Amino acid sequence: MELLAPAGTTENFLAALEAGADAIYLGGKQFNARANAANFDGEQLRRAIRLAHLVGASVYVTVNIVIGDGETVALAEYLKELAFYDADGIIVQDLAVARLAKKVAPTLALHGSTQMTATNLSTVRFLERLGFTRVVLGREASLSEIQYITKEAAAEIEVFIHGALCVCYSGQCLMSSFIGGRSGNRGACAQPCRLPYELLRGDGSVVNAPDEAYVMSPKDLNYSEHMAELMAAGVASFKVEGRMKNAEYVKSVIGSYRHIMDSAGKVTKADKKALEHGFNRGFSTAYLDKNVGRPMITAKAPGNRGKRIGPDEGKLAMTLDNLSHFTRKHEIYAYLDGEEGSAPTLTLTTTDGTTVTVTGDYVVQKARKTPTSPEKVREQLDRLGNTVFELADVYVPDMPWMWPSSVLNAMRRDAVEALEEALIRQHQEKRHAEVQRIAEAVGKRHTEFAPLTEPLQIGNDTEKVVANKAAEAIQAGLPILSVQVDELWQVEEAIKAGAEEIVFGGDRLNRRPYDSADYEKVVALCKEQGVLSRLVTPRVIKEDEAKAYSKTLRQLVDAKPDGIGIHWYGAWEQLLALGYEGAVYGESSLQLFNSEALAAVQALGMSGVVASQEATLQQLKTMAKNSTLPLTAIVHGVPELMVSEYCVINSFAGIGHKENCPAPCLKDSYRLRDKTGAEFPIKTDPYCRMHIMNGAVLDMRPYVPELLRARLAGWRIDGRSQDKRWLKQVISDYKGLRAGQLPVPPKSSDGTVTRGHYFKGIF
């Protein structure tokens, strides 16, 4: 098992190695989710990877953002560069990155980022099927979930154990990008969750006290007291967050966890003190303990609670260019040998038995006067300051030989170089063997195994059924009007207003669960009216919920809709297990953002995609042009900004924790208000998850001509939580505008509407 350290700078990288990290994750100057860190240029990456391999540590490079179509050429070259530098793996969010890596840099191991929202075993197995050898679980995983997934998975499981915590499920947060244009999916999150808010009831009264304004700012993770259990569970990698922290933080935290892991999970008072003195916002084990609620939030102050215990020791007296003070070195033993008239040999051996021997360009001869002393030989061989070696002892033949300094220096340099290459080769062989072992385990588990470069056809391979009303739009070269609702009466009203596809299910935003009969009723009604039916999954399902949800998924299958929309990849794996042969559609939560990602899911058998809401109109045009996969865009409705396991309503208006929640959300409406006066409605779903909604409605009616030119396959209207009048008006408007029967409304905005990312983007 591995202790995985963060490094946002070369200084932090060296601090992590010094502290005993088994592996380090870092980012290059591009394509990584910590855009504001110093990060590593090409030469720094090369040297850092080589140094890590010399001391037996691995380096994983973060390529964990969504990419645009215009970046694929540069990305391919970057991936080739990482492979050339011999990076041990890349951490990936976007399937496009994985697909390109399989094409141009197949030696790079694929690690599924926490941004992929892997919260259940089925998602892990789906990624295994695509060639991922490691998956980083969502931070929301409980101890029992970690134990189960680790036991059942073929891929390695990586778990965050310390550092900052996002209140939103990673990869599902649009709050920063919608509010300020800085996207977490591009590594530029502005952390609006850590700002002060007022929690308002429906009547406008404030729930939280004035000195408890930071209602969504979570404490930091600290799983040190649970390390013994996590180690026993078989977790492969223990990850510390902190690429934006200083070197002293990295050195202290990694050093503490190094000691804990080497002590079989036992935590000393010194370990505890060191972690408490490092940067922290207070500590929490809420998700691990299934104790989610008010105690995990830093409501009074979201800043650092660590204690300064002396001068900043983060400035280390070494760089990648100067390792003279580097302490993580191999002890070596030197054996100098030779016979008169023959060439000398120098053998270097590490304490773990790695041995190399070089031959000198010199003929051994007796000294004419004074033989070279053992002390002089040692002095020459001990000149190892800028290497990862330190001389433990030297063996010199007890003979009156003459050993010129130039010969000793040359042999030392040659031997050191050979020993370095041997250590790097050992690391490579060990890594390749481990990756191969995992791949074989995955291959045994999955009868159909195909990395992203090969078509797998997990989903529908049959001719799709197109309902009458949708067929009319397609024949006319128009996008299908798709309407998402969560009540039966809304289905009826949407069809009356002109919807050509009904999207139903998933996250019902009033906390009440669906009745199993609802799915059959919706499908029957759609068939009766000649309208397409799509049943969808929730945005998140945790492993503890997976067994119960499989029954719901069976109900969706048995209802025989025209397609099933998935918000998490594991649902596709579950559908495969159920024998489902119908159409599978990727919903917007999958953050499909480019043509390469569309090609990846199309090769897997996906029938259509709802694009990420962070895509611009130009990006949508490019994707629609480059892909044969039907592409839908959300054009109207209230955007979801985040989904969270934590619920601010229960934390401040309820009992403070989820267990036995009195459901205040069913008795009143709630919203957040920031310091600018902007308000954000709060909804809760049947799984008691919190959904933060945008305060403004996405409205693209003034831009229908531009949308038509994008040649999208579908326009999605999100009508959940909306009334009869709203549905009738909005659907009728888009239908009339699409047909050119209504005048295009003005493009002005009064602040109650937004154009989302259609024009501003996240680059």
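Every number in this text was worked out from the coordinates using simple rules, so none of it is lab data. Remember, it's a predicted structure, so these values are computed and weren't measured experimentally. Here Cβ is always computed from backbone atoms with ideal geometry, including for glycine, and neighbour counts include all displayed protein chains.
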- Run the quick spin-label model on Leu578 and Ala190: label points 7 Å from Cα toward the beta carbon, then report their separation in nm to one decimal. 4.1
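What is the calculated FRET efficiency for Glu340 to Lys430, with r their C-beta to C-beta distance and R₀ = 45 Å, to the nearest 0.05? Intermediate values should be presented prior to the final figure.
Numbers: r = 42 Å, r/R0 = 0.92.
So, using R0 = 45 Å, E works out to roughly 0.60.
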- Straight-line reach from Lys560: which lysines have Cα under 19 Å away, leaving out those fewer than 8 places along the same chain? Lys464, Lys469, Lys521, Lys527, Lys551
- Item | Förster radius 45 Å - calculated FRET efficiency between Gln618 and Glu528, Cβ distance, rounded to 0.05 | 0.70
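If we count other beta carbons within 10 Å of each Cβ, what is the order of Phe84, Phe593, fewest first?
On the way: Phe84 13, Phe593 26.
In order of increasing Cβ crowding within 10 Å: Phe84, Phe593.
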- Which three extents, in whole angstrom, do the alpha-carbon atoms of the stretch 533-626 cover along their principal axes, largest first? 41, 25, 22
- Query: For the modelled label position 7 Å from the Cα of Lys547 along Cα-to-Cβ, which residues of the stretch 229-272 have backbone nitrogen atoms closer than 20 Å?
  - Reply: 233
- Share of alpha-carbon pairs per 20 Å distance bin for the chain, given as whole %: 16, 45, 27, 9, 3, 0
- Considering amide H positions built from the backbone, and no H for Pro or chain starts, which residues 5 or more places from Ala7, or on another chain, come under 5 Å of its amide H? Tyr25
- Query: Lys/Arg Cβ at +1, Asp/Glu Cβ at -1, dipole of the chain taken about the Cα centre: which of Tyr580, Leu174, Val97 is farthest positive-ward?
  - Reply: Leu174
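So what's the projected area for the stretch 330-422, the Cα convex hull averaged over all directions, in nm²?
Values: hull surface 21.8 nm².
Directional mean of the projected Cα hull area for the stretch 330-422 stands at 5.5 nm².
Go ahead and run the numbers for FRET between Val753 and Asp203, Cβ-Cβ distance against an R0 of 25 Å, rounding to 0.05.
Numbers: r = 25 Å, r/R0 = 1.00.
Rounded to the nearest 0.05, the efficiency is 0.50.
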- How many angstrom separate the Cα center of the stretch 482-553 from the Cα center of the stretch 349-368? 76
- Can you spot the aspartates and glutamates whose alpha carbon is less than 13 Å from Lys329's alpha carbon? Ignore those fewer than 8 places along the same chain. Glu18, Asp352, Glu390, Glu420
- Message: 7 Å from Cα along Cα→Cβ at both Ala418 and Lys496: what's the point-to-point distance in nm?
- Response: 8.8
- Query: Calculated from DSSP H runs of 4 or more alone, at -39500 (n - 2.57) each and per residue, what is the 222 nm mean residue ellipticity of the chain, nearest 500?
  - Reply: -10500 deg cm²/dmol
- Selection from Gly282, Asn120, Gly204 lying farthest towards where the dipole of the chain points positive, charges on Cβ: Gly204
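Starting from 0.36 nm per residue, how many nanometres of slack lie between Tyr333 and Ser732 once their C-alpha separation is accounted for?
Working: separation 399, 0.36 × 399 = 143.64 nm, distance 8.30 nm.
Computed gain between Tyr333 and Ser732 is 135.3 nm.
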- Message: Just to be sure I understand the model, the point goes 7 Å from the Cα along the line to the Cβ. What's the resulting Ala392 to Thr354 distance in nm?
- Response: 1.4
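Under the definition of Cα pairs under 8 Å and six or more residues apart, what whole-number percent is the relative contact order of the stretch 330-422?
Values: 168 pairs, mean separation 33.5, N = 93.
Result for the stretch 330-422 is 36 percent.
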- Note on the structure: With the 8 Å Cα cutoff and a minimum separation of six or more residues, the chain has a relative contact order in percent of 15
- Cα centroid separation, the stretch 213-259 to the stretch 60-113 (Å): 26
- Item | Debye equation applied to the C-alpha atoms of the stretch 189-294, log10 I(q)/I(0) at 0.12, 0.18 Å⁻¹ | -0.54, -0.98
- Item | Eligible aspartates and glutamates near Lys542 by straight Cα distance, threshold 13 Å, same-chain separation 8 or greater | Glu140, Glu145, Glu645
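Please get the size of the charge dipole for the chain, origin at its Cα centre, with Cβ charges of +1 on Lys and Arg and -1 on Asp and Glu, quoted in debye to the nearest 20.
Values: 89 positive and 93 negative charges, 364 e Å.
Computed charge dipole of the chain: roughly 1740 debye.
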- Taking every other residue with Cβ under 11 Å from the Cβ of Leu666 and scoring Lys and Arg +1, Asp and Glu -1, one gets +2
